[in-house]
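The values are calculated or read from the model by the stated rules, or taken from the named source; none is laboratory data. Since the model is a prediction, treat every value here as computed from it, not as a measurement. Neighbour counts run over all protein chains shown; Cβ positions are idealised from the backbone, glycine included. We work out accessible area using only protein heavy atoms, side chains counted, and drop any ligands, DNA or RNA first. Shrake-Rupley method; radii C 1.70, N 1.55, O 1.52, S 1.80 Å.
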Amino acid sequence: MAQEDGELDSLVRKRIRALRVAQGWSLEELAARAHVSQSTLSRIENGQRRLALDQLVTLARALDTSLDQLVEAAPDDVVTSPMIDGARGIMRWPIKSDPGVTVIRQRMTEPPPDNPTRMRAHPGREWLVVLSGTAILMLGHRRFRIETNQAAEFPTMLPHAIGAEGGPCEILGIFDRDARRGHQRDSDGEGTGGDL
């Protein structure tokens with residue numbers, strides 16, 4: 001346990017320095033913001049001074065972060081493999097830090113449905129980026145053309161559907177918990193005809 005504590009102590013010190021450098025602040029500037037002496041801050045960063053809780057709270061505020069984020073342990077499992085739905089041509093990655101969020105990669109070959117009754121609406125929000133090709137997003141009565149490297153974000157309470165234009169396209173979408181549930185319900189019933 002002592003080794004783990006030492007590793008966390010070292011990680012916190014590195015974070016303090018990295019956050020300071022990322023802001024473009026000198027030791028003197030951060031020390032002034034945190035109301036500690038420059039030499040104290042230098043000794044904290046270099047491991048020559050014990051980390052005190054009150055100083056960590058003050059430093060977290062000065063660095064515009066939270067104490068929780070400053071002392072969070074480094075995760076062991078940073079790599080996630082996708083779950084693959086071969087029938088729908090979808091790769092899905094859950095976001096570990098927020099179990100309500102899912103990332104989906106999908107290849108689309110069909111245009112969006114012409115029939116508005118095949119569009120879906122459900123609670124939530126979606127964000128998507130076109131990785132390759134051109135996608136068409138039907139959103140209510142509007143039609144949006146989304147080219148490679150362009151993104152779209154929209155509330156899913158608007159009836160929506162998405163499809164390809166002029167050949168296959170690949171899309172990376174991020175769904176919050178409500179949107180993901182809505183799509184899971186849609187896929188249990190009849191096909192969504194191009195809904196992500």
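Mind listing just one residue for me: the one in region 12-39 that is open to solvent by less than 50 Å² (accessible area, probe 1.4 Å) and within 18 Å of LEU67 (Cβ to Cβ) and, of those, farthest from the chain's Cα centre (by Cα)?
Ranking the candidates gives VAL36 first.
Give all pairs with beta carbons closer than 6 Å in which a residue from region 117-146 that is farther than 15 Å from GLY163 by Cα meets a residue that is open to solvent by 20 Å² or more (accessible area, probe 1.4 Å) and outside any strand (DSSP E or B); count only pairs at least 6 apart in sequence or on separate chains.
From region 117-146, the pairs are ALA121/MET157; ALA121/PRO159; PRO123/ASP178; GLY124/ASP176; GLY124/ASP178; ARG125/ASP176.
Does ARG145 count as in contact with a strand residue (DSSP E or B) (Cβ under 7 Å, 6 or more places away or on another chain), open to solvent by 50 Å² or more (accessible area, probe 1.4 Å) and at pLDDT 95 or above?
Working: in contact with a strand residue (DSSP E or B) (Cβ under 7 Å, 6 or more places away or on another chain): yes; open to solvent by 50 Å² or more (accessible area, probe 1.4 Å): yes; at pLDDT 95 or above: yes.
For ARG145, the condition - in contact with a strand residue (DSSP E or B) (Cβ under 7 Å, 6 or more places away or on another chain), open to solvent by 50 Å² or more (accessible area, probe 1.4 Å) and at pLDDT 95 or above - is met.
PRO123 passes all but one of (1) open to solvent by less than 90 Å² (accessible area, probe 1.4 Å); (2) modelled with pLDDT under 80; (3) farther than 23 Å from PRO168 by Cα; which number fails?
For PRO123, the exception is condition (2).
Hey, does region 171-187 have a residue that's modelled with pLDDT of 90 or more, open to solvent by 60 Å² or more (accessible area, probe 1.4 Å) and not charged (D, E, K, R)?
The answer is no, given that none of the residues of region 171-187 is modelled with pLDDT of 90 or more, open to solvent by 60 Å² or more (accessible area, probe 1.4 Å) and not charged (D, E, K, R).
From the set of residues in region 151-167 that are open to solvent by 50 Å² or more (accessible area, probe 1.4 Å) and out of contact with any strand residue (DSSP E or B) (no Cβ under 6 Å at 6 or more places or on another chain), which is modelled with the highest pLDDT?
My answer is GLY166.
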